[in-house]
Amino acid sequence: MAMRHWLTFEALVEEMDSDGARVEVWADAFDVNPIMPADVTPLSGRELIAAASTQSRVTHRIRIRYRDGITAKMRAVERTTVYNIEAVIPDTKSGLRYLTLLASTGTDEGG
């Protein structure tokens, strides 16, 4: 597995705007090393058809080394592409070696 993509993981946080109102903004999910190497693979036509019955929005499979705290409420960003994390699946042996993220791309940008 070639981890040749560099993704920044982001989570929604509440901040105060200049008027004192609370707003939600995307910010780095981790204080240390928010950017991680990953293998990003678009799903094939056959996989998209199979996924339609469970996760019709899923368009990509992302594999990363295990990191505690990755959730489906986050998003991953690579340059101008936003991947909305739909599901987090640990590896089948130890659950601590790598994570497979099922993700979608589109205009909703997570949430």
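The values are calculated or read from the model by the stated rules, or taken from the named source; none is laboratory data. This structure is a prediction, so every number in the text was calculated from the model and none was measured. As a convention, Cβ positions derive from the backbone with ideal geometry for all residues, glycine included, and neighbour counts pool all protein chains shown. To get the accessible areas, we keep the full protein, side chains included, count just its heavy atoms, and leave off ligands, DNA and RNA. Shrake-Rupley method; radii C 1.70, N 1.55, O 1.52, S 1.80 Å.
Okay, here's what the table says:
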{"item": "Accessible surface ranking that places the most exposed of Lys93, Lys73 first, with a 1.4 angstrom probe", "result": "Lys93, Lys73"}
{"item": "Heavy atoms of Leu43 accessible to a 1.4 Å probe, total area in Å² rounded to 10", "result": "20 Å²"}
{"item": "Ile70 long-range amide H proximity, modeled H, under 5 Å", "result": "none"}
{"item": "Per-residue HN-Hα couplings for the range 9-15 [Karplus 6.51, -1.76, 1.60; θ = phi - 60°; Hz; x = Gly/Pro]", "result": "8, 10, 10, 6, 10, 8, 9"}
{"item": "In Å², nearest 10: area of Met16 left accessible to a 1.4 Å probe", "result": "120 Å²"}
{"item": "Approximate spin-label separation Ala72-Arg57, in nm, with each point projected 7 Å along Cα-to-Cβ", "result": "1.0 nm"}
{"item": "Global size of the range 1-42 as Cα Rg and Dmax, reported in angstrom", "result": "14.7, 48"}
{"item": "Phi-based couplings in Hz for the range 68-82 (Karplus 6.51, -1.76, 1.60; Gly and Pro marked x)", "result": "5, x, 6, 9, 6, 8, 9, 9, 10, 10, 10, 6, 9, 9, 10"}
{"item": "Nearest-10 value in Å² for the accessible area of Asp39, using the 1.4 Å probe", "result": "40 Å²"}
